[in-house]
Amino acid sequence: MGIEGDDLEAIAKVLQLDPVHVPDYTDIRVALDVERQEVMVTLHDCVALRDDPRSPLAPLTTTPAQPGFEHMAQAVDPRARVVPVSPPDGAVAAWRVTVEADAEPVEPHPMAALVNLHEIVTFDLSARP
């Protein structure tokens with residue numbers, strides 16, 4: 001994917017690549033706010049939420065803490081923290097991602113290894129000759 005670095009921009013890009021985010025089925029938006037030094041992840045009403053109460057997105061509306069987002073962010077920077085926040089208008093759930101410079105880095109979750117195992121961060125999708 002050509003994602004370089006361990007900053008919020010890299011975290012935002014990795015979160016956008018979550019395989020659960022299927023266009024036209026899910027509506028999960030990832031927005032980087034450089035000025036506020038945060039990434040906002042918002043879940044909006046979508047087919048996936050209405051389609052099946054057992055879909056992978058269903059817990060996102062009932063369980064505020066989402067360790068999956070945090071593990072993905074921490075695979076990029078182990079000082080990343082993800083906290084649930086009140087969703088903005090039009091969203092059904094939201095999370096704020098920050099990197100705490102003074103925070104003690106966490107040990108990577110075993111699932112975080114998948115981010116690097118499958119070369120999600122460094123895989124090059126550019127056109128091949």
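The values are calculated or read from the model by the stated rules, or taken from the named source; none is laboratory data. Values in this document were obtained by computation on a predicted structure and should not be read as measured data. We place every Cβ from the backbone using ideal geometry, glycine too, and count neighbours over all the protein chains shown.
The residue of the range 52-83 that is surrounded by the fewest Cβ atoms within 10 Å (Cβ to Cβ), among those that are in a helix (DSSP H, G or I) and free of Cβ contacts under 8 Å to residues at least 12 places away in the same chain, is THR62. Of all the numbered requirements in (1) of a type in the set (D, E, K, R); (2) modelled with pLDDT of 90 or more; (3) touching a Pro at 6+ places or on another chain (Cβ under 8 Å), LYS13 misses one, and that requirement is (3).
Filtering the range 1-35 to residues that are closer than 12 Å to VAL99 by Cβ and part of a loop (DSSP other than H, G, I, E, B) leaves GLY5, ASP6, ASP7. Would you please name the residue that is farthest from the chain's Cα centre (by Cα), looking only at residues in the range 30-46 that are surrounded by 15 or more Cβ atoms within 10 Å (Cβ to Cβ) and in contact (Cβ under 8 Å) with a residue 40 or more places away in the chain? The selected residue is HIS44.
Against the list (1) buried (at least 18 other Cβ atoms within 10 Å of the Cβ); (2) touching a strand residue (DSSP E or B) at 6+ places or on another chain (Cβ under 7 Å), the condition GLU9 fails is (1).
Take the conditions (1) surrounded by 12 or more Cβ atoms within 10 Å (Cβ to Cβ); (2) without any contact (Cβ under 8 Å) to a residue 24 or more places away in the chain; SER86 misses just one of them, which is (1).
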